[in-house]
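Where a number appears in this text, it was derived from the coordinates with a stated rule and is not lab data. Remember, predicted model here, so these are calculated numbers, not experimental data. No Cβ is skipped: glycine too gets one built from the backbone with ideal geometry, and neighbour counts run over all protein chains shown.
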Amino acid sequence: MSDLPGLLAVAVVDINSGVALASRSNSPGINPETAAAYNTEVVKQKQKALVALQITDEKIQDILITLSSQFHLLKLNADGTKFIYLVVSPLEVSLAIAREVLRANIDQIN
């Protein structure tokens, strides 16, 4: 992932603890360890919402947060225990490419 153009930060996050198991930042303004904890809460709240809405036949694949100058993507692994947190610049990489990079690498974190 270090070769992804526009990569600002990346982390592999354990959903149970909110701890970044591995991380890298190419931007001094983004702390992936802090983001990991907060984004874990985003995932957990969405999981609770699915239960509350009685949507039992669906699983979260990814969550996209679009900022004015950044894409933040959360891609969950197959069993929903970890996710990759990726931050990229939309000026340097398309959303489609960022999602493809995540899809191609998610199985490595099981």
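Residues that are over 16 Å from Leu8 (Cα atoms) and within 8 Å of the chain's Cα centre (by Cα) within region 76-94 comprise Leu76, Phe83, listed in sequence order. Within region 39-57, being within 15 Å of the chain's Cα centre (by Cα), of a type outside the set (A, V, I, L, M, F, W, C) and farther than 11 Å from Tyr85 by Cα holds for Glu41, Lys44, Gln45, Lys46, Gln47. Just one of the listed residues (Leu64, Leu73) is under 21 Å from Leu8 (Cβ atoms), exposed (fewer than 15 other Cβ atoms within 10 Å of the Cβ) and touching a Phe, Trp or Tyr at 6+ places or on another chain (Cβ under 9 Å), namely Leu64. Of all residues in region 52-110, those satisfying the criterion of being in contact (Cβ under 8 Å) with a residue 12 or more places away in the chain and charged (D, E, K, R) are Lys59, Asp62, Lys75, Asp79, Lys82, Glu92, Arg99, Arg103, Asp107. Selection of region 1-27 for residues being acidic (Asp, Glu) and either in contact (Cβ under 8 Å) with a residue 40 or more places away in the chain or surrounded by 15 or more Cβ atoms within 10 Å (Cβ to Cβ) (or both) yields only Asp14.
Checking each residue in region 28-51 for being part of a helix (DSSP H, G or I), free of Cβ contacts under 8 Å to residues at least 12 places away in the same chain and over 14 Å from Gly18 (Cβ atoms) picks out Lys48, Ala49, Leu50, Val51. Among what's in region 1-14 and is assigned to a loop (DSSP other than H, G, I, E, B) and in contact with a strand residue (DSSP E or B) (Cβ under 6 Å, 6 or more places away or on another chain), pick the residue that is farthest from Val93 (Cα to Cα). Residue satisfying both the conditions and the ranking: Met1.
Please go through region 76-110 and pick out each residue that is surrounded by fewer than 19 Cβ atoms within 10 Å (Cβ to Cβ) and among the aliphatic types (A, V, I, L, M). Result: Ala78, Leu91, Val93, Leu95, Ala96, Ile97, Ala104, Ile109.
Could we say that Ala22 is more than 14 Å from Gly80 (Cα to Cα), touching a strand residue (DSSP E or B) at 6+ places or on another chain (Cβ under 6 Å) and part of a strand (DSSP E or B) here? Yes, satisfied. Residues in region 1-24 that are polar (S, T, N, Q) and under 14 Å from the mean Cα position of the chain (by Cα): Ser23 alone. Mind checking which residues of region 63-86 are aliphatic (A, V, I, L, M) and not in a strand (DSSP E or B)? Scanning region 63-86 gives Leu67, Ala78.
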